[in-house]
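Undergrad: My structure is below; once you've seen it, I'll send some questions.
The values are calculated or read from the model by the stated rules, or taken from the named source; none is laboratory data. These numbers come from a predicted model, not from an experiment. Note that each Cβ is placed from the backbone with ideal geometry, even for glycine, and that neighbours are counted across all protein chains shown.
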Amino acid sequence: MLFVGRNGTRFELTVVGYQFPDPPEEGLDSNWLEIRIDVDTPQGHWSRTDPILLTDEIESLTCWLEAIAAAQPHEPEISFLEPNLCFELRDESGDNMTLRVWFELESRPIWAPAKAADARDLWVDLEVPRRSARRSASELRHHLQEFPPRAAVRTD
């Protein structure tokens with residue numbers, strides 16, 4: 001999934017694989033995915049690869065992006081079990097939108113460490129066309145086909 005905004009901003013998220021290639025006995029652990037993020041902001045560039053999302057969270061993010069792309073009702077933001085990333089739709093006007101991606105814990109660059117989660121002091125705003133959400137949702141669906149849930153997913 002790739003969003004390229006103005007002023008050199010860019011956010012890319014790629015599912016690299018399962019955290020544990022051979023599934024452990026416990027259900028939740030078998031669904032952690034290694035996620036690579038590549039980020040460009042006016043403050044700098046960074047890349048990280050960590051097990052920060054579950055298979056069902058990729059599904060939730062996909063559905064959220066699909067709702068945005070279709071201008072259907074949706075929550076203003078989506079967050080996950082591990083608070084590494086949070087996506088927030090800041091503005092929608094016609095075919096364009098402003099998507100804010102928040103970074104915490106392992107998703108932060110080395111040059112901007114956080115002392116605790118929920119600092120909400122590091123983000124990138126991406127002004128992108130709505131079709132970018134549609135394309136990104138499609139890319140995530142492809143990742144889900146490659147790395148589907150391997151055990152019962154959690155119920156919140």
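Undergrad: I'm checking my understanding of the structure. Among residues of region 41-72 that are among the acidic types (Asp, Glu) and touching a residue at least 40 places away in the same chain (Cβ under 8 Å), which one is surrounded by the fewest Cβ atoms within 10 Å (Cβ to Cβ)?
TA: Result: GLU59.
Undergrad: Within region 118-151, can you find the residues that are among the charged types (D, E, K, R), under 15 Å from ILE58 (Cβ atoms) and under 15 Å from the mean Cα position of the chain (by Cα)?
TA: Passing the criteria: GLU139, ARG141.
Undergrad: Follow-up. Output the number of the condition that GLY17 fails; it satisfies all remaining conditions of (1) assigned to a loop (DSSP other than H, G, I, E, B); (2) touching a residue at least 60 places away in the same chain (Cβ under 8 Å).
TA: Going through the list (1) assigned to a loop (DSSP other than H, G, I, E, B); (2) touching a residue at least 60 places away in the same chain (Cβ under 8 Å), GLY17 breaks only (1).
Undergrad: Please identify the pairs in which a residue from region 113-141 that is within 14 Å of ALA67 (Cα to Cα) has its Cβ atom under 8 Å from the Cβ atom of a residue that is of a type in the set (Phe, Trp, Tyr), counting only partners at least 6 apart or on another chain.
TA: Short answer, once both residue conditions are applied: SER132/PHE3; SER136/PHE3.
Undergrad: So, of the residues in region 26-40 that are of a type outside the set (Val, Ile, Thr) and buried (at least 19 other Cβ atoms within 10 Å of the Cβ), which turns out to be farthest from the chain's Cα centre (by Cα)?
TA: Of everything passing the filter in region 26-40, SER30 is farthest from the chain's Cα centre (by Cα).
Undergrad: If you go through region 64-117, how many residues are more than 13 Å from the chain's Cα centre (by Cα) and aliphatic (A, V, I, L, M)?
TA: 12
Undergrad: Give just the number: which of (1) surrounded by 18 or more Cβ atoms within 10 Å (Cβ to Cβ); (2) small (Gly, Ala, Ser); (3) under 17 Å from ARG150 (Cβ atoms) does GLY17 not satisfy?
TA: Result: GLY17 fails condition (1) only.
Undergrad: Here is a list of conditions, (1) touching a helix residue (DSSP H, G or I) at 6+ places or on another chain (Cβ under 8 Å); (2) modelled with pLDDT of 95 or more; (3) surrounded by fewer than 20 Cβ atoms within 10 Å (Cβ to Cβ), and PRO23 meets all of them except one; can you say which number that is?
TA: If we test PRO23 against (1) touching a helix residue (DSSP H, G or I) at 6+ places or on another chain (Cβ under 8 Å); (2) modelled with pLDDT of 95 or more; (3) surrounded by fewer than 20 Cβ atoms within 10 Å (Cβ to Cβ), just (2) comes out false.
Undergrad: Tell me which residues, restricted to region 26-43, are outside any strand (DSSP E or B) and either within 18 Å of ALA112 (Cβ to Cβ) or at pLDDT 90 or above (or both).
TA: Matches in region 26-43: ASN31, PRO42, GLN43.
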